[in-house]
Amino acid sequence: MKQNIHLLVIDPQNDFCDLPADWLGIDAATGAPLQPALPVAGAHADMLRLAGLIREGGGGIAGITVTLDSHHRFDIAHPTFWQARGGGAVAPFTAITAAQVRGGDYRPRDAAALPRALAYLDELERRGRYTLMVWPVHCEIGSWGHNVHAAVKAAYNAWEDAQAGLVEKVAKGSNPWTEHYSAIQAEVPDAEDPGTALNMRLVASLDRADLIVIAGEASSHCVKATTEHIAAHLPSGRPAKLVLVTDCMSPVTGFEAQHQAFLDDMAARGAQLRSSAEVRALLAANA
């Protein structure tokens, strides 16, 4: 009997891909080559494998969902929000704690934002999942970096044409007051913004599949957070239906331990860890 296999692709965007020079465009406004803002080592190769999986196994895929990291330039996790003691710039990859803000090491550039920023940091740290990280401005809405990796987009466009299907796009991260690694829920939901709350509609939709095949970037952050939330909230209570395509995801450099801990934890919960070749064979048998 044919299985309902759903492919979930998490943040397969240019800004996360270590694209070679011949994959970079030109900024028409400046004449300079476009550059990924937050490239993950190995991501371009991951996306090429993923594109091949979709092309060769598309007949066995019942549905595809793509999540898109979607930020404003001004964001609590971007350097544009913060200043260091004395008014200096805050470099990307700086971790900021509530204690440091209270001590004056870092402050919002807009002084009026201080109470809300502190409330966010306090709640983020209370939840214990992450410390605030200042990332380079990335996946800015409307930018080249926000776009999907060209090979992945071409592959799922071909799937849409062949299947007369629709690839669902799920945006996350447009609220500048909270980090939103997971496509299921922001790290600290904003009571005034339903888009940051637990997205049970998406979880329930994915749970209708027999298997949920997961790939994307980065395995240390957005793939990890999204998968953890799915596993925790599946109405079926069956994390064994999750299939992580381990050679179609990579960690942010320096976060390899988080990547491995994530895979180990998911395997312990019953999720399947498979290579793209294994998943292609599974999809071919399901066509």
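The values are calculated or read from the model by the stated rules, or taken from the named source; none is laboratory data. No experiment lies behind these values; they were computed from the predicted model shown. Note: ideal-geometry Cβ built from the backbone for every residue, glycine included; neighbour counts use all protein chains shown. Protein only, heavy atoms only, side chains kept; ligands, DNA and RNA dropped before computing areas. Shrake-Rupley method; radii C 1.70, N 1.55, O 1.52, S 1.80 Å.
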Environment charge at Gly270 (Cβ cut-off 15 Å; Lys +1, Arg +1, Asp -1, Glu -1): -1
Modelled label reach - Ser174, point 7 Å along Cα→Cβ, segment 137-163 residues with backbone N closer than 19 Å: 138-148
The chain, relative contact order [Cα under 8 Å, separation at least 6], %: 27
Under 17 Å from the Met1 label point (7 Å along Cα→beta-carbon), backbone N, segment 195-230: 208-212
Partners for Lys224 among aspartates and glutamates (Cα-Cα distance below 13 Å; same-chain residues under 8 apart left out): Asp11, Glu187, Glu256, Asp264, Asp265
Loop-located trypsin sites (Lys or Arg not before Pro) in segment 173-261 whose Cβ has at most 14 other Cβ within 10 Å (DSSP): Arg208
5 angstrom amide H check on Leu242, placed H, neighbours 5+ away: Ile212, Gln272
Spin-label zone in segment 150-183 - amide nitrogen under 18 Å from a point set 7 Å from the Cα of Arg55 along the C-beta vector: 150-163
Under the Debye formula (equal points on every Cα, no solvent term), log10 I(q)/I(0) of the chain at q = 0.15 Å⁻¹: -1.15
Probe 1.4 Å, protein heavy atoms only - accessible area per residue of segment 176-287 in square angstrom: 38
Protection proxy ranking of 102-109, 11-18 - average other beta-carbon atoms within 10 Å, highest first: 11-18, 102-109
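Taking Rh as the Kirkwood radius, which is the inverse of the mean 1/r over Cα pairs, what is the Rg/Rh value for segment 1-46? Provide the component values of the computation, followed by the final result.
Numbers: Rg = 15.3 Å, Rh = 12.6 Å.
Rg/Rh for segment 1-46 comes to 1.22.
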Interchain or long-range residues, amide H under 5 Å from His71's placed H: Glu140, Ile141
Proximal lysines relative to Lys2, as straight alpha-carbon distance under 24 Å, when same-chain residues fewer than 8 apart are discounted: Lys241
Accessible area of segment 31-128 divided out per residue, in Å², using a probe of 1.4 angstrom: 44
Phi-based couplings in Hz for segment 71-76 (Karplus 6.51, -1.76, 1.60; Gly and Pro marked x): 10, 8, 4, 7, 7, 4
Carbon plus sulfur fraction of accessible area for the chain, probe 1.4 Å, in percent: 54
Angle in degrees between helix 43-57 and the longest Cα principal axis of the chain, rounded to the nearest 10: 30
Rounded tilt (10° steps) of 222-233 against the dominant C-alpha axis of the chain: 70
Rounded to the nearest 20 debye, dipole of segment 182-254 from Cβ charges on Lys, Arg, Asp, Glu: 340
Between 0 and 90°, nearest 10: helix 256-269 axis offset from the chain longest Cα axis: 50
Gained length - Arg201 relative to Asp264, 0.36 nm times residue gap less alpha-carbon distance: 19.9 nm
Value of [θ]222 nm, deg cm²/dmol, for the chain, DSSP H segments ≥ 4, -39500 (n - 2.57) each, nearest 500: -10000 deg cm²/dmol
